[in-house]
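Single-structure report; data block below.
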Amino acid sequence: MKTSSLAVGVDVGGSSIKCALIDLQNGAFAGERYSTPTPAQGSIDDLLCALASVAANIPGEHAVGLAFPSVIRNGVVRTAANLNKAWIGQPLADLAAERLHRPVIAVNDADAAGLAELRYGAARDVPGTVLVLTLGTGIGSALFVDGHLVPNTEFGHLQVAGREAEKRASGRAKVEDGLSWDAWAAELNLVISELHGLLWPDLIVLCGGITEAPQMFMDKLHCEARLCVGTLRAEAGIVGAALATIGSAEI
Ligand code: BGC
């Protein structure tokens, strides 16, 4: 199937909604990046309005890929750990398409980040089992087996030594619990070690805003699997959202 090599990627994060036009040939930004605060606990309409206002910066008819911090099945939101619970059951892809007047594909935000790292970044051409973790407001996960995504894994909600993984080691946990880099890395080591023991991945890729400062924590992490930060860092979600518009056959 012939597709446009340009698509809009929108990443709805816990604190901001970011979007950009992406060149799918190489995963590069084909224009400016725009953002607006996320009304995370606001109404469904509040979030859709914010989405429409930020996407309006990118005129044209390009398809839109929407990365959302929830389990997404067939365009429908199934969980809302860090959003207004009214989102559960909402047909996100249809609602967004109506507001943006363009086709919209909705995917889990960590799955989007993982797709981008697999296609253009740190996990490119890596065979076997690859686990991508996003360390932001929550912990998101994307699991790939020989390049195939197992969608909607929610490892951030795994209980690790009696506490949810994302409450221990997300970027937000570091700030809210006032953790030093040492203390946060110790929490992340617990989470990584638990996941390693369950999945035995070949590679673990860490993404999210906090990975913009890898020198603060990477040498404090230990894992039997290869461990690295994503090449696309905090932008993986936007790029992967755009990539999701062309479907898994072409990815
Ligand atoms: C959500 C996931 C999401 C992750 C990162 C978790 O709380 O349950 O769906 O991928 O946060 O945003």
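The values are calculated or read from the model by the stated rules, or taken from the named source; none is laboratory data. Keep in mind the model is a prediction, meaning the values are calculated, not measured. Cβ atoms come from the backbone with ideal geometry, glycine included; neighbour counts cover every protein chain shown.
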Considering region 66-80 alone, what residues qualify as being among the small types (Gly, Ala, Ser) and either touching a Lys or Arg at 6+ places or on another chain (Cβ under 9 Å) or in contact (Cβ under 8 Å) with a residue 60 or more places away in the chain (or both)?
ALA67, SER70
Take the conditions surrounded by 14 or more Cβ atoms within 10 Å (Cβ to Cβ) and touching a Phe, Trp or Tyr at 6+ places or on another chain (Cβ under 9 Å) and apply them to LEU48. Does it pass?
no
Considering region 62-82, residues that are assigned to a loop (DSSP other than H, G, I, E, B) and farther than 10 Å from ASN108 by Cβ, and then whichever is farthest from the ligand (Cβ to nearest atom), we arrive at HIS62
Among the residues of region 60-85, how many are under 15 Å from ALA96 (Cα atoms), surrounded by fewer than 18 Cβ atoms within 10 Å (Cβ to Cβ) and either over 19 Å from the mean Cα position of the chain (by Cα) or among the aromatic types (Phe, Trp, Tyr) (or both)?
1
The one condition in (1) within 14 Å of the ligand (Cβ to nearest atom); (2) at pLDDT 95 or above; (3) not assigned by TED's automatic domain parsing to the domain that holds LEU195 that GLY140 fails to fulfil:
(3)
When region 161-189 is examined, which residues are found to be hydroxyl-bearing (Ser, Thr, Tyr) and either buried (at least 21 other Cβ atoms within 10 Å of the Cβ) or modelled with pLDDT under 95 (or both)?
SER170
